[in-house]
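Following: one structure in structure tokens, then a few remarks.
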Amino acid sequence: MAPLLEARGLSRSFGHVRALDDASFDIEAGEVVALIGDNGAGKSTLVKALTGNLPVDSGELYFEGAPVIIHTPHQASEMGMEVVYQDLALAPHLNPVQNMFLGREIPRKGLLGSLGFMDEKQMRAKAEAGFAELGGTVRSFSAPVGAMSGGQRQQIAIVRAISWADKIVFLDEPTAALGVVQTKNVLDTIKRVRDKGIAVVLISHSMPHVLQVADRIQIMRLGTRVATMPAEGTTVEQLVGAMTGALDSQTVKRKEKAS
Amino acid sequence: MSVITPPGQAPDQQVVIEPPARQSYLRRAANLQSVWILGVLVVIIAAFSAAAGTKFLSTSNFSLISQNIAVWAVLGVGMTFVIITSGIDLSIGSVLVFSSVIAAKIMESVGGDGWSTAAAGIGGALVSGIAWGALNGFLIAKAKIPPLIVTLGALSVALGLAQVLTGGIDIRSVPESLTDFNTYIKIAGIPALPFVALIVLIIGGIVLHKTKFGRYTYAVGSNELGARRVGINVDRHLIQVYALSGACAGLGAVLALAQFGTTTIAGQSLTNLNVIAAVVIGGTSIFGGEGSIFGTVVGLFIPAVLQAGFVIVGVEAFWQGVAVGSVLVAAVYVDQSRRAAALRGSSRPSLFALLGAKKAKEPSR
């Protein structure tokens with residue numbers, strides 16, 4: 001069966017800098033794939049290219065086996081892909097419900113709906129259901145998001161993404177700013193999302209977290225994928241070695257075994 | 001749920017369902033700047049009432065006050081939207097003058113004193129206001145020029161063109177139907193101009209607080225990039241918001257014509273600043289994302305009540321400026337400290353809000 005989303009040979013240059021150099025990527029449905037690499041390895045650029053935020057110079061994308069070209073983030077959303085950005089992209093003055101439905105408000109029925117009135121009750125009920133499903137730690141649905149803790153904001157951003165994504169969620173460093181318990185919550189959330197059958201792409205610098213939740217790990221260096229490893233049986237040292245290039249020969253062997 | 005909460009863990013981790021709605025309303029109300037400023041207004045009214053008695057607290061006095069702020073109230077609706085997007089519109093006074101000149105010219109050429117003449121003028125004023133607003137919005141959203149600069153330019157250009165069109169001399173050809181509307185007509189006991197303003201305020205409030213348009217206005221001011229990422233057409237929305245402000249200036253032009261029976265070319269040079277001050281006093285944050293039409297109404301009444309009160313009590317009206325300026329600075333100070341505290345994660349930080357927490361009887365954890 002073809003992968004859910006596959007990229008082959010993506011390249012993109014910014015002036016003289018080759019941010020993506022023949023980079024490939026693939027993810028199956030219901031799989032957690034971690035994307036790791038040193039700063040500037042092209043992880044975020046790859047995610048942008050996969051979600052219609054950045055046009056590429058060359059390369060192909062395949063979605064469920066069929067070739068696609070994704071021009072806009074909106075198009076990616078319609079295909080069932082959502083991104084949780086590092087800065088979360090929440091509106092701090094709006095409450096969790098308003099944030100969750102921002103840009104996707106449920107209109108009221110009839111004339112009022114076409115005048116732009118919103119069905120607040122229905123939105124709130126749906127949002128509460130979404131948070132309950134993930135065992136949310138959000139305490140108030142009427143307080144502005146800006147007054148909440150980092151962990152809660154992260155949760156809101158993730159719930160928003162998985163409420164709209166039915167295929168793939170991209171998480172860009174979701175645990176970078178979180179404490180121990182909040183991090184554990186996010187990792188648990190990722191597992192629950194996977195159990196719902198949604199694929200997760202996890203960008204992270206934290207090797208232990210990656211090994212804990214990912215099914216496969218794709219390692220990027222200098223704008224290209226240098227290795228793909230199963231999380232099972234891989235050590236932090238091997239990951240670091242592949243990231244820095246110190247273990248090139250070994251990772252290639254492992255890659256052959258894995259495929 | 002498999003969340004383990006170690007002892008001493010922050011309340012962050014507890015799965016707590018919404019606190020009872022009534023208490024949360026009280027607490028939210030205590031946090032709203034417009035509620036505090038309403039308290040200030042009540043204190044001012046009480047003080048003047050104590051000092052001047054029924055002379056101040058009379059229907060005729062408040063009828064006069066409401067007539068004085070009718071035009072500003074209409075402008076304030078548009079300005080509230082603009083400031084919530086973290087923008088500013090300095091051009092409203094000049095756009096008002098330009099629109100009133102256009103309307104007066106149209107009515108002059110149509111001739112007559114009936115409502116058809118007035119309707120032509122009203123249409124002209126609205127079109128002219130919307131055109132100025134849309135131009136402002138286009139330059140701000142598409143050309144990415146800061147709103148302060150764009151509308152400062154429009155302020156100068158619109159006033160200049162109005163003077164070119166008239167040679168700097170006010171046009172007095174306002175049909176009687178329009179001036180009579182101001183002088184004689186009362187709707188539900190309210191003089192006509194404040195009544196029109198009230199309608200505009202109510203519609204503005206509903207649009208801002210209940211519709212998608214209003215929600216996007218907050219979202220753009222709160223996090224423009226975030227709004228773009230969820231698919232909101234931010235550029236189009238900004239153009240619409242500035243066009244709305246222009247439309248309000250156009251309608252304000254009609255009301256001013258009805259009120260004064262003449263264009264007011266030289267009379268609107270401080271209108272923009274007075275309206276901005278009222279909006280900001282009413283708790284609309286100059287940094288965007290926060291504000292209400294109700295707050296703007298309260299913010300309009302404070303200077304007007306001070307002025308009327310000073311006249312009645314016999315204090316020189318010049319003190320009004322001193323008082324309004326002080327209230328403005330204090331209001332923004334409170335707003336800022338609330339924001340800073342919100343960033344720190346606490347919801348009730350400032351001096352005022354601390355008092356509010358005591359009043360709302362926060363349950364001890």
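The values are calculated or read from the model by the stated rules, or taken from the named source; none is laboratory data. Owing to the predicted nature of the structure, the values given are computational and were not obtained by experimental measurement. Because the Cβ atoms are built from the backbone with ideal geometry, glycine has one as well, and the counts that use them run over all protein chains shown.
Quick notes on this one:
- Condition met for A:Gly103 (farther than 20 Å from B:Gly221 by Cα and either buried (at least 19 other Cβ atoms within 10 Å of the Cβ) or over 20 Å from the mean Cα position of the chain (by Cα) (or both)): no
- Selection from segment A:122-151 of residues that are at the interface with chain B (Cβ under 7 Å from one of its Cβ atoms), part of a helix (DSSP H, G or I) and under 17 Å from A:His93 (Cβ atoms): A:Gly146, A:Ala147
- Criterion violated by A:Tyr85 - all others in (1) within 8 Å of chain B (Cβ to nearest Cβ); (2) modelled with pLDDT of 85 or more; (3) under 16 Å from the mean Cα position of the chain (by Cα); (4) surrounded by fewer than 23 Cβ atoms within 10 Å (Cβ to Cβ) satisfied: (2)
- Residue in segment B:257-271 that is of a type in the set (Gly, Ala, Ser) and in contact with a Leu (Cβ under 7 Å, 6 or more places away or on another chain) present: yes
- Residue in segment B:252-276 that is farthest from B:Gly76 (Cα to Cα), counting only those that are of a type outside the set (Gly, Ala, Ser) and buried (at least 24 other Cβ atoms within 10 Å of the Cβ): B:Thr263
- Scanning segment B:249-290 for residues that are more than 14 Å from every other protein chain (Cβ to nearest Cβ) and assigned to a loop (DSSP other than H, G, I, E, B) turns up B:Gly261, B:Thr262, B:Thr263, B:Thr264, B:Ile265, B:Ala266, B:Gly267, B:Gln268, B:Ser269, B:Leu270, B:Gly282.
- Counting the residues of segment A:88-121 that are more than 7 Å from chain B (Cβ to nearest Cβ) and either of a type in the set (Val, Ile, Thr) or part of a helix (DSSP H, G or I) (or both) gives 12.
- Selection status of B:Ile312, under 22 Å from A:His93 (Cα atoms) and in a helix (DSSP H, G or I): no
- Within segment B:222-233, one or more residues are out of contact with any Phe, Trp or Tyr (no Cβ under 6 Å at 6 or more places or on another chain), without any contact (Cβ under 8 Å) to a residue 40 or more places away in the chain, of a type in the set (S, T, N, Q) and closer than 30 Å to A:Met81 by Cβ.
- Single residue of segment B:219-240 satisfying the filter (over 14 Å from A:Glu105 (Cα atoms), in a helix (DSSP H, G or I) and within 7 Å of chain A (Cβ to nearest Cβ)) that is farthest from the chain's Cα centre (by Cα): B:Arg229
- Filter result (part of a helix (DSSP H, G or I) and touching a residue at least 24 places away in the same chain (Cβ under 8 Å)) within segment B:174-191: B:Glu176, B:Ser177, B:Leu178, B:Thr179, B:Phe181, B:Asn182
- Selected residue (criterion: modelled with the highest pLDDT) from residues of segment A:152-182 that are farther than 17 Å from A:Leu202 by Cα and at the interface with another protein chain (Cβ under 10 Å from one of its Cβ atoms): A:Trp164
- Residues of segment A:188-207 that are more than 18 Å from A:Lys43 (Cβ to Cβ) and either buried (at least 22 other Cβ atoms within 10 Å of the Cβ) or more than 14 Å from chain B (Cβ to nearest Cβ) (or both): A:Thr189, A:Val193, A:Arg194, A:Lys196, A:Gly197, A:Ile198.
- Among the residues of segment A:53-106, those identified as of a type in the set (Ser, Thr, Tyr) and either in contact with a helix residue (DSSP H, G or I) (Cβ under 9 Å, 6 or more places away or on another chain) or closer than 25 Å to A:Val145 by Cβ (or both) are A:Ser77, A:Tyr85.
- Scanning segment B:184-211 for residues that are surrounded by 22 or more Cβ atoms within 10 Å (Cβ to Cβ) and not aliphatic (A, V, I, L, M) yields a total of 2.
- For segment B:143-173, a residue qualifies if it is surrounded by 16 or more Cβ atoms within 10 Å (Cβ to Cβ) and part of a loop (DSSP other than H, G, I, E, B), and the qualifying residues are B:Asp170, B:Ile171, B:Ser173.
- One residue from B:Ala29, B:Ala52, B:Ala47 being within 14 Å of chain A (Cβ to nearest Cβ) and at pLDDT below 90: B:Ala29
- Selection of first residues in segment A:160-186 that are at positive phi and surrounded by fewer than 19 Cβ atoms within 10 Å (Cβ to Cβ) and of second residues that are not in a loop (DSSP other than H, G, I, E, B) and not aromatic (Phe, Trp, Tyr), restricted to Cβ pairs under 6 Å at least 6 apart or on distinct chains, gives the following pairs, ordered by first then second residue: A:Glu173/A:Ile203.
For every residue, the table says whether it meets (1) in contact (Cβ under 8 Å) with a residue 60 or more places away in the chain; (2) touching a His at 6+ places or on another chain (Cβ under 8 Å); (3) surrounded by fewer than 19 Cβ atoms within 10 Å (Cβ to Cβ).
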| site | (1), (2), (3) |
| --- | --- |
| B:Trp36 | yes, no, no |
| B:Ile44 | yes, no, yes |
| B:Thr54 | no, no, yes |
| B:Ser58 | no, no, yes |
| B:Asn61 | yes, no, no |
| B:Val74 | yes, no, no |
| B:Gly78 | yes, no, no |
